[in-house]
Amino acid sequence: MSQKQLQRFRVIGIVEEGGITLEEAAVKMAVSYRHAKRILKRVREKGAQGLIHGNTGRSPHNRIYDELKKNVLDLSGRKYAAFNDRHFREELAEMEGIVLGRETIRKLRRAANIPPKRKRRPPRHRKRRERKAQEGWMILWDGSPHPWFGPAHPPCCLLVALDDATGTILAARFFAFEGTEGYLWLLAHIVRHYGIPISIYQDRHGSLKRNDHHWTLEEELAGRQEPTHVGQALDALGIQPIFALSAQAKGRIERLFATLQDRLGAQISLSGISTLAQANDLLPRFIKRHNRRFALPAQNAQKAWRTVPPNLDVDRLISFHYCLRVALDNTVRVGKVLLDIPPGPYRMSYAKAYVEVRQLLDGTWRIYYKDHLIAQHAPTTLHEPLRALPRKPSNAAPSRNYNWIYQASAQSDVPGSFGHTKDGGCHNESPSDSSEQPPLKTTHTSHRRNTLGGHNRVGIKGTY
């Protein structure tokens with residue numbers, strides 16, 4: 001008998017002795033008066049045995065016998081060792097004729113020390129973040145790779161910037177993939193149409209945050225890695241980047257993408273759109289209707305946008321930035337593109353000098369020396385910059401060359417992709433110096449080595 005049953009037997013005994021009434025006994029046993037009468041009747045008929053449930057000691061009708069357990073565990077370890085619990089249950093029912101519940105299968109396997117196929121972490125405690133009080137205080141942006149034009153067309157990426165205080169879509173545009181060009185376009189659109197926000201909430205995509213382990217000597221001395229092209233633009237504008245550690249942390253824009261994949265996807269299908277240009281023409285009308293339907297008023301009517309100073313060159317700050325060293329023939333090379341630098345009033349020759357090379361979002365090139373514009377060149381196609389790979393330990397003698405090791409961050413078959421040195425730094429060697437110093441010994445394929453080889457002169461015919 002359990003302690004609870006013994007306690008009830010003692011209380012009923014006191015009732016029989018006349019110490020308390022049956023109503024008082026019902027309160028002490030935490031049962032109703034009618035159930036107390038039933039307990040008293042069973043005790044009078046059977047004694048203490050009347051308090052034991054009638055099914056005690058009986059085998060349940062759905063009991064799994066030892067022979068069946070042995071057969072299931074044998075199949076689990078021999079034939080279906082690679083199957084998870086649910087998949088194993090389905091195969092048992094369809095192929096072996098053994099019908100058991102998933103939870104039963106799980107208990108049998110765990111009791112036999114058969115671990116789960118995948119370990120699942122327990123759910124983390126998450127706290128809802130309140131919206132910012134003012135419009136322009138925080139922007140959320142992200143990309144959504146999705147077959148927007150239907151399963152018959154290749155997927156593309158929709159990049160969206162969302163105001164946290166109001167839920168208003170500030171900017172959106174379709175691109176072939178999520179990359180630097182798309183985020184720079186969003187930033188330029190926001191700055192020109194609304195102003196400069198206080199902060200931007202974003203994930204750790206390689207276009208937004210350096211995720212490599214390569215540190216140059218200058219970066220080690222400074223105690224920080226140089227940011228990406230987008231990071232440099234945010235620094236120049238004084239915008240604070242905030243990096244999310246999980247998709248749940250930026251749940252507002254994730255839920256927005258679920259809505260857009262539903263509503264915008266249906267609108268694209270209804271309009272018969274199948275190209276990026278057509279989809280981008282549709283977006284302004286769709287965004288206007290979406291904001292009218294879903295946007296909320298901010299808690300504080302005063303806006304937090306900072307006004308763009310009239311002397312601020314937005315085109316220059318929000319662009320691809322390379323700090324390169326001029327070759328002896330007064331050219332700088334960015335991948336396969338050679339940019340000529342004519343003699344100017346500041347120096348007759350810029351050989352071995354470090355210059356700031358900018359490719360604007362319209363493809364045009366600008367070269368600055370000590371904050372002075374010294375050259376401009378015709379536009380070329382925008383390409384995603386190449387990013388650094390972590391170096392593997394080697395027994396070979398260290399090279400005197402501190403050039404980066406490059407690898408394409410977007411599609412590897414994009415012709416003419418070009419690389420950069422560190423994002424915005426002006427102290428490391430640039431690809432233009434590779435002809436003057438011994439090359440790094442790498443194990444990259446010839447395709448990646450040839451990414452930095454060859455060149456065309458821009459100023460006459462500049463193509464990638």
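Looking only at residues of the stretch 119-156 that are exposed (fewer than 13 other Cβ atoms within 10 Å of the Cβ) and among the charged types (D, E, K, R), we find that the one that is farthest from His290 (Cα to Cα) is Lys119. Among the criteria (1) at pLDDT below 95; (2) surrounded by 13 or more Cβ atoms within 10 Å (Cβ to Cβ), the one Tyr194 does not fulfil is (1).
The rows are residues; the columns are (1) surrounded by fewer than 14 Cβ atoms within 10 Å (Cβ to Cβ); (2) of a type in the set (A, V, I, L, M); (3) at pLDDT below 95; (4) in the same structural domain as Met348 (by TED's automatic domain parsing).
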position: Ile268; (1), (2), (3), (4): no, yes, yes, no
position: Ser271; (1), (2), (3), (4): yes, no, yes, no
position: Ser274; (1), (2), (3), (4): no, no, yes, no
position: Asn280; (1), (2), (3), (4): no, no, no, no
position: Pro310; (1), (2), (3), (4): yes, no, yes, no
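Entry remark, the stretch 333-359: residues being assigned to a loop (DSSP other than H, G, I, E, B) and free of Cβ contacts under 8 Å to residues at least 60 places away in the same chain number 13 in total. For the stretch 212-251, a tally of residues being in a helix (DSSP H, G or I), of a type outside the set (Gly, Ala, Ser) and without any contact (Cβ under 8 Å) to a residue 60 or more places away in the chain returns 5. The residues of the stretch 11-61 that are modelled with pLDDT under 85 and over 17 Å from Met1 (Cα atoms), listed by number, are Ser59, Pro60, His61. With respect to Leu170, is the statement that it is buried (at least 22 other Cβ atoms within 10 Å of the Cβ), of a type in the set (A, V, I, L, M) and either outside any strand (DSSP E or B) or not assigned by TED's automatic domain parsing to the domain that holds Ala258 (or both) true? Here the answer is no, as Leu170 does not meet what is asked. Quick one: is Gln240 loosely packed, with under 15 Cβ neighbours inside 10 Å, under 29 Å from Arg316 (Cα atoms) and in contact with a strand residue (DSSP E or B) (Cβ under 9 Å, 6 or more places away or on another chain)? Judged against the criteria, Gln240 is a match. For the stretch 325-341, does any single residue satisfy the condition of being closer than 30 Å to Gly167 by Cα, surrounded by 18 or more Cβ atoms within 10 Å (Cβ to Cβ) and in contact with a Gly (Cβ under 7 Å, 6 or more places away or on another chain)? Within the stretch 325-341 (the criterion being closer than 30 Å to Gly167 by Cα, surrounded by 18 or more Cβ atoms within 10 Å (Cβ to Cβ) and in contact with a Gly (Cβ under 7 Å, 6 or more places away or on another chain)), the answer is no, since none of the residues qualifies. When the residues of the stretch 362-391 are filtered to those that are modelled with pLDDT under 90, among the charged types (D, E, K, R) and assigned to a loop (DSSP other than H, G, I, E, B), the one that is nearest to Val326 (Cα to Cα) is Glu384. The criterion of at least 2 residues that are within 45 Å of the chain's Cα centre (by Cα) and of a type in the set (S, T, N, Q) is met, among helices (runs of 4 or more DSSP H) falling completely within the stretch 28-137, by 66-78. A search for C-beta distances below 8 Å between a residue of the stretch 122-133 that is hydrophobic (A, V, I, L, M, F, W, C) and any residue that is assigned to a loop (DSSP other than H, G, I, E, B), counting only pairs 6+ apart in sequence or on different chains, returns Ala133/Ala165; Ala133/Ala298; Ala133/Gln299. Give the stretch 229-269 a look and list any residue that's closer than 20 Å to Lys132 by Cβ, β-branched (Val, Ile, Thr) and in contact with a Ser or Thr (Cβ under 7 Å, 6 or more places away or on another chain), or say none. Passing the criteria: Ile239, Ile242. Between Leu159, Leu92, the distinction of being in contact with a Leu (Cβ under 7 Å, 6 or more places away or on another chain), surrounded by 14 or more Cβ atoms within 10 Å (Cβ to Cβ) and without any contact (Cβ under 8 Å) to a residue 24 or more places away in the chain belongs to Leu92 only. Taking the condition of being surrounded by 15 or more Cβ atoms within 10 Å (Cβ to Cβ), in contact (Cβ under 8 Å) with a residue 24 or more places away in the chain and assigned to a helix (DSSP H, G or I), how many residues in the stretch 282-303 meet it? The number of residues fulfilling the criteria is 4.
When you check Arg44 against the structure, is it surrounded by fewer than 12 Cβ atoms within 10 Å (Cβ to Cβ) and touching an Asp or Glu at 6+ places or on another chain (Cβ under 9 Å), yes or no? Yes.
Count of the stretch 304-332 residues, restricted to those that are more than 32 Å from the chain's Cα centre (by Cα) and not in a loop (DSSP other than H, G, I, E, B), is 3.
The values are calculated or read from the model by the stated rules, or taken from the named source; none is laboratory data. Since the model is a prediction, treat every value here as computed from it, not as a measurement. Positions of Cβ are backbone-derived with ideal geometry, glycine not excepted, and every protein chain shown enters the neighbour counts.
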